[in-house]
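Asker: Could you have a look at this structure, given as structure tokens, before my questions?
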Amino acid sequence: MLQWLKQLQAAFGASFLWLICLVYFTQGFRSFVWTAVSYQLKDRLKLSPSASQFVFSVAFFPWSIKPLYGILSDCVPIKGRKRIPYLVIATLLSLLPWLILGSSTYLRSSRGHLTMFLTAQNLGSAMADVVVDAMIAEAVRFEWAAFAGDLQSMSWLAMALGGIFGSLFGGYALATLQIDKIFLLFSLLPATQLLSCGLVQENFVGSKVLSEPSKSGGPLLLNGNGSFSDEDVFLIGKNKTSASKRKKSQKKSKKGAATKSKSQNVRKEGSLALRSFNSLKLAIYSLCRAFKQPIILRPMAWFFLAHVSIPNLSTPMFYYQTESLKLEASFLGTARVVGWVGLMLGTFTYNRYLKNMKLRRILTCAHIGLFILSFLDIVLVSRLNLAYGISDKIMVLCGTALTDAVNQLKFMPFLILSGQLCPPGIEGTLFALFMSINNFGSTVGSFVGAGLASVLNISSGSFDNLLLGVTIQTLCTLIPIAFLFLIPKEATGISA
């Protein structure tokens, strides 16, 4: 492990690895603060399960438009840089909402203001996620391509560790700290991320042209870090006399030169704007062309429908577990840790045993597995587990871990397909599009779940119809199997 980390450090630099790991760790550690948000909506704002789920659905919408951030950072540089300025903006959007909500009781206790700030925070987190993915793609595109899998593995490991620690400490923090302190405490991570952005130097887009000639007789170009080569510096000194003569000549026509310089600057700005516009046009065209490929379009359509057709009742179940089953926040945090372990188990199982299997078979098995595991919720809500001496905590732990593992099994093939089939230059954007469709499907599924909870009158302290809702959710897990014709018949997790 130590030797592996040394190799990555030699290839990419310690500051780059630190920034990448910090961003992904922060993404995983978000479970620490979002556990507090769940209790804020339930206990302080007294929202019903459907209303809380509606707030979450709105707040997480920025994750559904990730391609927009990818296209902007790919095509519209800020002061000559494409990544670090956008990462700084994203980090500020991630940091400020927690500081404001942690400092203002009024804003924290207002449903509208809380939703607005949570949405802004997710906007920053989603943008940071896209920018860092693009930085990784650029870092391994050329001479370090052999480290692509290693860098991605390190990123996923950092996020998994963040999720484990965030879930583990989030529940215990609620038992000992006020919610405002939890918000402020979490803000330390994006604050550290903001400071760390200054550690990574990013090359300018293009090069700056100076008036001095280079050793080759052409215009002198700045290196990526803004420095000159030794030979060019020597030649500049050697030609100092001729440079002085030119300077005197320039003073004689100062007014004309100023006018000319102003005209050149206008033309330069116009040229940069035109290049940015053309880049945007090309990126959108390439993205649409890639999206039209059946191997991309059809799996994306299936994955979206798989989310939409299954109502998400996670928030009503959270209310039921805390109010009816009296499960503590610390235990629910532990359950999420088990869920992260299940996610890593699903990743390992797929890479080790399933990646050569046909996608249709993987997805069929996954949804049959989800159908079977959904009966754990039916048993839990109907209280049949007590008749067999099985505790509620065991039911929740097993259901969380196994469900997350199976969901990861059906998620991995699309991650690999989207990474392999995207055209050069828009890797990050197409991957962001895939994730956005996935996230938008989840958002719509949450809205469907909120609507179902509202229709069944499932509310805080009233869970009489929760069993019916969970039963409907269980039956709906089989619906996506009917849409498997959208998946190319011969497609596997590694090729099509």
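Asker: Looking at (1) at pLDDT 85 or above; (2) surrounded by fewer than 21 Cβ atoms within 10 Å (Cβ to Cβ), can you tell me which one CYS288 breaks?
Answerer: (1)
Asker: Residue by residue through segment 308-319, note down the ones that are buried (at least 22 other Cβ atoms within 10 Å of the Cβ) and part of a helix (DSSP H, G or I).
Answerer: Within segment 308-319, THR315, PRO316, MET317, TYR319 qualify.
Asker: Also, quick follow-up: Working carefully through the options SER418, SER446, SER459, find the one that is within 24 Å of the chain's Cα centre (by Cα), among the polar types (S, T, N, Q) and modelled with pLDDT under 90.
Answerer: Values: SER446 fails: modelled with pLDDT under 90; SER459 fails: within 24 Å of the chain's Cα centre (by Cα).
Residue meeting the stated conditions: SER418.
Asker: Can you tell me which of LYS181, LYS79 is basic (Lys, Arg), free of Cβ contacts under 8 Å to residues at least 60 places away in the same chain and either closer than 23 Å to PHE434 by Cα or open to solvent by 50 Å² or more (accessible area, probe 1.4 Å) (or both)? Full working, then the answer.
Answerer: On the way: LYS181 fails: free of Cβ contacts under 8 Å to residues at least 60 places away in the same chain.
Answer to the selection: LYS79.
Asker: Taking only pairs six or more apart or across chains, which ones have beta-carbon atoms under 7 Å, a first residue in segment 299-328 that is at pLDDT below 90, and a second residue that is in a loop (DSSP other than H, G, I, E, B)?
Answerer: PRO299/ILE487; TRP302/ILE487
Asker: With respect to ALA453, is the statement that it is open to solvent by 60 Å² or more (accessible area, probe 1.4 Å), modelled with pLDDT of 90 or more and of a type outside the set (D, E, K, R) true? Break it down into steps so the answer makes sense when it comes.
Answerer: Working: open to solvent by 60 Å² or more (accessible area, probe 1.4 Å): no; modelled with pLDDT of 90 or more: yes; of a type outside the set (D, E, K, R): yes.
No: the conditions fail for ALA453.
Asker: Would you confirm, using the coordinates I've provided, whether ILE390 is assigned to a helix (DSSP H, G or I) and β-branched (Val, Ile, Thr)? First the steps, then the outcome.
Answerer: Values: assigned to a helix (DSSP H, G or I): no; β-branched (Val, Ile, Thr): yes.
No.
Asker: On to the next question. State all residues of segment 426-478 that are touching a residue at least 40 places away in the same chain (Cβ under 8 Å) and not in a helix (DSSP H, G or I); if no residue qualifies, say none.
Answerer: ILE426, ILE458, SER459, SER460, GLY461, PHE463, THR477, LEU478
Asker: Scan segment 42-50 and give yes if some residue there is modelled with pLDDT under 95, open to solvent by less than 10 Å² (accessible area, probe 1.4 Å) and under 19 Å from the mean Cα position of the chain (by Cα), otherwise no.
Answerer: no
Asker: While we're looking at this one, here's another question. When the residues of segment 184-200 are narrowed to those that are in contact (Cβ under 8 Å) with a residue 40 or more places away in the chain and not aliphatic (A, V, I, L, M), which ends up surrounded by the fewest Cβ atoms within 10 Å (Cβ to Cβ)?
Answerer: The qualifying residue surrounded by the fewest Cβ atoms within 10 Å (Cβ to Cβ) is THR192.
Asker: Let me ask something else about it. What is the one condition in (1) under 24 Å from PHE54 (Cβ atoms); (2) at pLDDT below 85 that GLY112 does not satisfy?
Answerer: Just one mismatch for GLY112, condition (2).
Asker: Which of the residues that make up segment 170-189 are modelled with pLDDT of 90 or more and farther than 23 Å from SER110 by Cα?
Answerer: LEU188, LEU189
Asker: Going residue by residue through segment 349-357, is there one that turns out to be part of a helix (DSSP H, G or I), under 24 Å from the mean Cα position of the chain (by Cα), closer than 21 Å to SER153 by Cβ and modelled with pLDDT under 80?
Answerer: The initial filter retains those residues of segment 349-357 that are part of a helix (DSSP H, G or I), namely 349-354.
Checking which are under 24 Å from the mean Cα position of the chain (by Cα) leaves us with 349-351.
Those still in the list that are closer than 21 Å to SER153 by Cβ too: 349-351.
Applying the additional criterion that residues be modelled with pLDDT under 80 yields 350-351.
Checked against the condition, which is being part of a helix (DSSP H, G or I), under 24 Å from the mean Cα position of the chain (by Cα), closer than 21 Å to SER153 by Cβ and modelled with pLDDT under 80, segment 349-357 yields at least one hit.
Asker: If you check every pair at least six apart or on different chains, which have Cβ atoms under 6 Å apart with a residue in segment 331-349 that is in contact (Cβ under 8 Å) with a residue 12 or more places away in the chain first and a residue that is part of a helix (DSSP H, G or I) and of a type in the set (Asp, Glu) second?
Answerer: Between residues of segment 331-349 that are in contact (Cβ under 8 Å) with a residue 12 or more places away in the chain and residues that are part of a helix (DSSP H, G or I) and of a type in the set (Asp, Glu), the close pairs are GLY339/ASP404; GLY342/ASP404; LEU343/ASP404.
Asker: Scan segment 285-312 for residues that are within 11 Å of CYS476 (Cα to Cα) and among the aliphatic types (A, V, I, L, M) and jot them down. Talk me through it step by step, then tell me what you get.
Answerer: We begin by selecting, within segment 285-312, every residue within 11 Å of CYS476 (Cα to Cα); these are 306-312.
If the condition is that a residue be within 11 Å of CYS476 (Cα to Cα) and among the aliphatic types (A, V, I, L, M), then ALA306, VAL308, ILE310 are the ones that fit.
Asker: So, in segment 20-34, of the ones that are of a type in the set (Val, Ile, Thr) and in contact with a Gly (Cβ under 9 Å, 6 or more places away or on another chain), which residue ends up nearest to GLN9 (Cα to Cα)? Steps first, answer last, please.
Answerer: Filtering segment 20-34 for residues of a type in the set (Val, Ile, Thr) gives 20, 23, 26, 33.
If we keep only those that are in contact with a Gly (Cβ under 9 Å, 6 or more places away or on another chain) as well, we get 26, 33.
Numbers: THR26: 21, VAL33: 31 Å.
Out of the qualifying residues, it is THR26.
Asker: Of the residues PRO67, PRO97, PRO85, which single one is open to solvent by less than 10 Å² (accessible area, probe 1.4 Å) and assigned to a helix (DSSP H, G or I)?
Answerer: Unique residue meeting the criteria: PRO97.
The values are calculated or read from the model by the stated rules, or taken from the named source; none is laboratory data. Please read these numbers as outputs of a predicted model, since none were measured by experiment. Glycine also receives a Cβ, built like all others from the backbone with ideal geometry; neighbour counts cover every protein chain displayed. Calculation scope for accessible area: heavy atoms of the full protein, side chains included, ligands and nucleic acids excluded. Shrake-Rupley method; radii C 1.70, N 1.55, O 1.52, S 1.80 Å.
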